[in-house]
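Below is one structure, written out as structure tokens; the observations come after it.
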Amino acid sequence: MKNNTPFATAERLQQLPPYLFAELDAKKSALQAKGMDLISLSIADPDQPTPPAIVAAMQTAIHDVATHVYPSYQGARAFREAACDWMARHYDIAFSPDTECLALIGSKEGIAHFPWAFINPGDVVLVPDPGYPVYASSTIFAGGVPYFVPLLPERGFLPDLNAIPTDVLRRARLLFLNYPNNPTGACATRAFFAEAVAFAQRHRLIIAHDAAYLEIFFDGVRPPSIFSVPGARDVAIEFHSLSKTFNMTGWRLGWAVGNAALVQGLAKLKTNLDSGCFTAIQHAGVTALTTAAGCVHEIRAQYQRRRDRLVAGLRGLGWAVEPPQASFYVWTRVPTEEDSMAFVTRLMETTGVILTPGIGFGVAGEGFVRFPLTVPESQLDEAVARLAKFV
Ligand code: MLT
């Protein structure tokens with residue numbers, strides 16, 4: 001329909017609130033301009049550099065003129081093989097690099113495009129709440145209807161699938177899951193994944209599992225991939241990322257594995273939208289997943305030290321904080337009577353500490369705030385010290 005304002009954005013974009021982290025960034029810039037000393041604990045972006053072996057692999061790859069041409073749509077064969085080897089080595093699950101694996105320009109790209117490949121206008125998509133905002137926005141872009149499934153503390157932040165009304169299920173096509181979870185830090189058990197897979201089979205649902213935090217686990221306990229349960233390959237696709245595992249958020253590299261029809265549907269969509277990921281970055285990704293993979297132990301150990309320090313600091317203030325078993329998020333209740341946005345705004349303006357308000361992840365996130373572990377311990381200590389004066 002013609003709009004009187006020629007540059008009005010499309011209705012699908014108008015339906016969305018501003019992207020959470022872009023909004024927090026704008027507030028941060030305004031305070032910075034006033035000269036405030038800020039501790040930014042909003043978007044979680046690893047503060048440590050990409051390991052040198054991966055950077056060196058990129059330096060070599062970029063001099064190879066063969067990387068300067070259009071990349072393969074499906075991803076470099078060597079990268080897909082390395083991703084499938086990774087799944088075999090760490091999760092004991094075999095995938096075919098030819099049909100069951102696809103390179104992504106970061107897992108966000110794959111997740112954001114997936115509903116375009118499988119959702120028809122009016123289809124319901126089951127979206128975790130609180131959850132990564134991209135699940136709902138990509139659903140809306142594809143003409144789907146998000147139905148928010150609450151993740152409640154009393155259920156360990158796992159959804160109660162049996163509480164989803166029958167009329168919603170009749171129209172539902174896709175269920176998003178994300179464990180280890182952003183923002184709650186919760187992990188799924190194999191039993192939960194088995195229940196979700198059986199549920200998907202019963203109701204003819206696709207499961208899109210966002211596994212971006214799978215490698216950031218603590219106390220030596222590796223969380224499961226959804227493919228650790230029988231039957232998952234019939235219904236699921238899983239999104240993996242190098243961003244968090246190897247401090248590579250800026251490189252934009254990830255992969256999807258799973259049911260061949262789901263992987264190929266996304267691949268077909270992507271051939272129409274993008275031209276793949278720069279081949280030199282994929283070569284660096286091969287090094288990350290093979291010869292440089294040992295660096296992940298130190299990356300995990302550092303997050304674990306920070307987790308312990310932050311949890312101890314907050315507990316020292318009297319906050320009832322549960323240490324996460326994986327991911328790099330500490331999710332905890334707002335310690336005052338305020339709602340999460342009011343608390344975060346007042347905290348930011350008074351102390352310069354910027355947290356993410358739970359409401360930014362959905363209505364069931366209200367009453368909570370999120371701390372990331374992606375800043376040095378000294379900054380976590382300073383944040384706790386400022387909180388001590390503030391609360
Ligand atoms: C977050 O802070 O929630 C993540 O860094 C966002 C992302 O992965 O895109």
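Let me spell it out: the conditions are (1) more than 16 Å from the ligand (Cβ to nearest atom); (2) in contact with a helix residue (DSSP H, G or I) (Cβ under 8 Å, 6 or more places away or on another chain); (3) under 20 Å from Pro224 (Cα atoms); (4) not hydrophobic (A, V, I, L, M, F, W, C), and Gly156 meets all of them except one. Which number is the exception?
Against the list (1) more than 16 Å from the ligand (Cβ to nearest atom); (2) in contact with a helix residue (DSSP H, G or I) (Cβ under 8 Å, 6 or more places away or on another chain); (3) under 20 Å from Pro224 (Cα atoms); (4) not hydrophobic (A, V, I, L, M, F, W, C), Gly156 comes up short only on (2).
Against the conditions (1) closer than 21 Å to Ile216 by Cα; (2) buried (at least 21 other Cβ atoms within 10 Å of the Cβ); (3) of a type outside the set (Lys, Arg), where does Thr189 fall short? Just the number, please.
Unmet condition: (2).
Report whether or not Gly313 is in contact (Cβ under 8 Å) with a residue 24 or more places away in the chain, crowded, with 18+ Cβ neighbours inside 10 Å and touching a helix residue (DSSP H, G or I) at 6+ places or on another chain (Cβ under 6 Å). Spell out how you get there, then give the answer.
On the way: in contact (Cβ under 8 Å) with a residue 24 or more places away in the chain: yes; crowded, with 18+ Cβ neighbours inside 10 Å: yes; touching a helix residue (DSSP H, G or I) at 6+ places or on another chain (Cβ under 6 Å): yes.
Spelling it out, Gly313 is indeed in contact (Cβ under 8 Å) with a residue 24 or more places away in the chain, crowded, with 18+ Cβ neighbours inside 10 Å and touching a helix residue (DSSP H, G or I) at 6+ places or on another chain (Cβ under 6 Å).
Please find, within the stretch 1-44, the residue that is most open to solvent (accessible area, probe 1.4 Å) out of those that are hydroxyl-bearing (Ser, Thr, Tyr) and within 13 Å of the ligand (Cβ to nearest atom). Step through it out loud before you land on a result.
Here is the first cut: in the stretch 1-44, the residues hydroxyl-bearing (Ser, Thr, Tyr) are 5, 9, 19, 29, 40, 42.
Checking the rest, the ones that are also within 13 Å of the ligand (Cβ to nearest atom) come to 19, 40, 42.
Numbers: Tyr19: 79, Ser40: 35, Ser42: 3 Å².
The residue in question is Tyr19.
Restricted to the stretch 230-263, and to residues that are touching a helix residue (DSSP H, G or I) at 6+ places or on another chain (Cβ under 6 Å), open to solvent by 10 Å² or more (accessible area, probe 1.4 Å) and farther than 26 Å from Pro46 by Cα, which residue is farthest from the ligand (Cβ to nearest atom)?
Looking at the filtered set, the residue picked out is Gly231.
Do we have any residue at all in the stretch 172-185 that's open to solvent by 10 Å² or more (accessible area, probe 1.4 Å), within 16 Å of the ligand (Cβ to nearest atom) and of a type outside the set (Phe, Trp, Tyr)?
yes
Quick one: in the stretch 335-361, which of the residues that are within 16 Å of the ligand (Cβ to nearest atom) and open to solvent by 20 Å² or more (accessible area, probe 1.4 Å) is farthest from the chain's Cα centre (by Cα)?
Ranking the candidates gives Ile359 first.
Name the residues in the stretch 69-92 that are among the β-branched types (Val, Ile, Thr) and open to solvent by less than 10 Å² (accessible area, probe 1.4 Å), would you? Even if it seems obvious, please write down each step before you answer.
The first filter runs over the stretch 69-92 and keeps only residues among the β-branched types (Val, Ile, Thr), leaving 69.
None - no residue of the stretch 69-92 is among the β-branched types (Val, Ile, Thr) and open to solvent by less than 10 Å² (accessible area, probe 1.4 Å), so the list stays empty.
Identify the residue in the stretch 45-56 that is within 12 Å of Met248 (Cβ to Cβ) and more than 16 Å from the ligand (Cβ to nearest atom) and, among all such residues, is least open to solvent (accessible area, probe 1.4 Å). Full working, then the answer.
Initially, the stretch 45-56 is screened for residues within 12 Å of Met248 (Cβ to Cβ), giving 45-46, 48-51, 54-55.
Okay, now just the ones that are also more than 16 Å from the ligand (Cβ to nearest atom), so 49, 51, 54-55.
On the way: Pro49: 96, Pro51: 18, Ile54: 0, Val55: 53 Å².
My answer is Ile54.
Scan the stretch 117-139 and report the pairs whose first residue is at pLDDT below 95 and whose second residue is more than 16 Å from the ligand (Cβ to nearest atom) and open to solvent by less than 10 Å² (accessible area, probe 1.4 Å), with Cβ atoms within less than 8 Å and a gap of 6+ or a chain change.
That search, which allows pairs on different chains as well, returns nothing.
Does any residue of the stretch 294-303 turn out to be outside any helix (DSSP H, G or I), free of Cβ contacts under 8 Å to residues at least 60 places away in the same chain, open to solvent by less than 20 Å² (accessible area, probe 1.4 Å) and not β-branched (Val, Ile, Thr)?
There is no residue in the stretch 294-303 that is outside any helix (DSSP H, G or I), free of Cβ contacts under 8 Å to residues at least 60 places away in the same chain, open to solvent by less than 20 Å² (accessible area, probe 1.4 Å) and not β-branched (Val, Ile, Thr).
Given the conditions (1) closer than 30 Å to Pro183 by Cβ; (2) at pLDDT below 95, which single one is not true for Pro6?
Among (1) closer than 30 Å to Pro183 by Cβ; (2) at pLDDT below 95, the lone unmet condition for Pro6 is (1).
I'm trying to understand the selection: among the residues of the stretch 122-153, which are within 16 Å of the ligand (Cβ to nearest atom) and touching a Ser or Thr at 6+ places or on another chain (Cβ under 7 Å)?
The answer is Val127, Pro130, Leu151.
The values are calculated or read from the model by the stated rules, or taken from the named source; none is laboratory data. Keep in mind the model is a prediction, meaning the values are calculated, not measured. Using ideal geometry, Cβ is built from the backbone for each residue, glycine included, and neighbour counts are taken over all protein chains shown. The area values use the complete protein model at the heavy-atom level, side chains included, leaving out ligands, DNA and RNA. Shrake-Rupley method; radii C 1.70, N 1.55, O 1.52, S 1.80 Å.
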